[in-house]
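The values are calculated or read from the model by the stated rules, or taken from the named source; none is laboratory data. Nothing here was measured: the structure is a model prediction, and the numbers come from that model. Virtual Cβ from ideal backbone geometry, glycine too; neighbours counted across all protein chains shown. When the accessible area is computed, the model is the full protein with side chains, heavy atoms only, and any ligands, DNA or RNA have been set aside. Shrake-Rupley method; radii C 1.70, N 1.55, O 1.52, S 1.80 Å.
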Amino acid sequence: MNDGVPALIVHGGAGSISDPEGHRAGVRRAVDAGFAVLDDGGSALNAVLAAVRVLEDDPVFNAGTGSCLTLQGEVEMDAAVARGDGGFGAVTCVRGVRHPVDLARAVMERTDHLILAGEGAVQLARRLGFPPYNPVTEERLAQWRRALEAAERGEGRFSRRGGWYSTVGAAARDASGAVAAATSTGGIVLKLPGRVGDTPVPGAGTHAGVHGAASATGHGEGILRLALTRGVVEAMESLSAQEACRMAVDRARAAGVEAGVIGVDLQGRVGFAFNTPSMAWAYRVAGEAAVAHAGGPQGVEPAARF
Ligand code: ASP
């Protein structure tokens with residue numbers, strides 16, 4: 001049975017957004033790129049990858065170019081892709097690639113593994129012809145210096161929690177009824193080298209299943225404990241995407257976890273929710289104009305439309 005419509009929703013991170021216009025423009029470009037794939041009859045998987053690649057190239061976001069730095073002042077990125085039929089691939093603590101989300105897809109399609117870490121992931125990238133790439137930007141170096149100085153003064157913690165997240169993700173439903181999700185991140189500022197966040201772990205930051213697909217942002221350790229996106233997708237068995245996202249984020253709030261989530265269900269209904277001051281998101285459903293927003297909880301909630 002296929003009685004739904006193509007749809008795509010993307011996020012550019014929850015938290016406190018310092019550059020709402022940059023974030024809004026970025027998620028809008030990403031949703032346009034991803035939806036063009038769906039419009040051409042492309043798959044949900046290709047649509048989420050097209051959207052996330054745009055965000056990985058945009059230095060405004062904490063993924064690919066623009067990833068935040070570890071305590072050692074280096075970039076270690078995490079990314080994952082998930083298909084509704086159970087396909088999953090991820091990389092963690094990966095360096096020196098421009099599009100970690102494409103490497104996650106390669107793990108899913110070219111290996112029998114689910115998650116590849118660090119040097120092993122970089123070796124796969126080179127074997128497959130991903131060229132070396134330096135994703136460090138001046139702005140993130142300055143951010144790292146400020147955070148490190150504050151931590152050394154005793155203000156705040158190393159592996160900083162709170163305030164700034166800007167991970168990116170997407171979830172889509174294509175014309176055939178297939179769903180997919182993808183997420184990509186630099187993690188959190190001053191994280192210890194080797195830290196694995198929620199993004200590359202199935203059911204935590206990224207998940208797709210028989211009822212839909214979802215991608216999360218926020219404090220990774222908390223999202224891991226809650227298996228946030230698995231909860232969203234399982235709830236879609238009886239709830240709309242919007243209701244499922246809202247329920248999961250309410251659960252996160254009750255557990256004291258800062259989080260935002262997006263999702264799409266089998267009908268092509270999209271949803272998003274967050275318990276942080278703001279989030280960047282954009283979505284487009286077939287037959288309707290795209291909607292994009294970066295900031296607090298105003299804007300056009302999908303709940304109002306479905
Ligand atoms: N969830 C990401 C992490 O903890 C951070 C983010 O959403 O920006 O790695």
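Computed values, structure above
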| quantity | calculated |
| --- | --- |
| Percent carbon-and-sulfur accessible area, the chain, ignoring ligands, DNA and RNA, probe 1.4 Å | 50 |
| Ranked by how many other beta carbons lie within 10 Å on average, peptides 277-284, 179-186, 122-129 from highest | 179-186, 277-284, 122-129 |
| Distance cut-off 20 Å, percentage of C-alpha pairs in the range 65-160 lying past it | 43 |
| Relative contact order [Cα under 8 Å, 6+ residues apart], the chain, whole percent | 25 |
| Ranked packing of 257-268, 101-112, most packed first, by mean Cβ within 10 Å | 257-268, 101-112 |
| Linear extension gain, Glu74 paired with Arg225, 0.36 nm per residue minus alpha-carbon span | 51.7 nm |
| Area accessible to solvent at Val60, 1.4 Å probe radius, in Å² | 40 |
| C-alpha center-to-center spacing [the range 198-252, the range 32-86] in angstrom | 18 |
| Long-range tail of P(r) for the chain (Cα pairs > 26 Å, %) | 35 |
| Distance in nm between pseudo-label sites at Glu288 and Ser18 (7 Å out along the Cβ direction from Cα) | 3.4 |
| Length gained when the stretch Glu139-Leu114 is fully extended (0.36 nm per residue, less Cα-Cα span) | 5.7 nm |
| Relative contact order %, the range 59-148, counting alpha carbon pairs below 8 Å whose residues are six or more apart | 31 |
| Mean Kyte hydropathy of -0.5 or more with a Cα span along the axis of at least 18 Å, helices from DSSP in the chain | 20-39, 44-57, 241-254 |
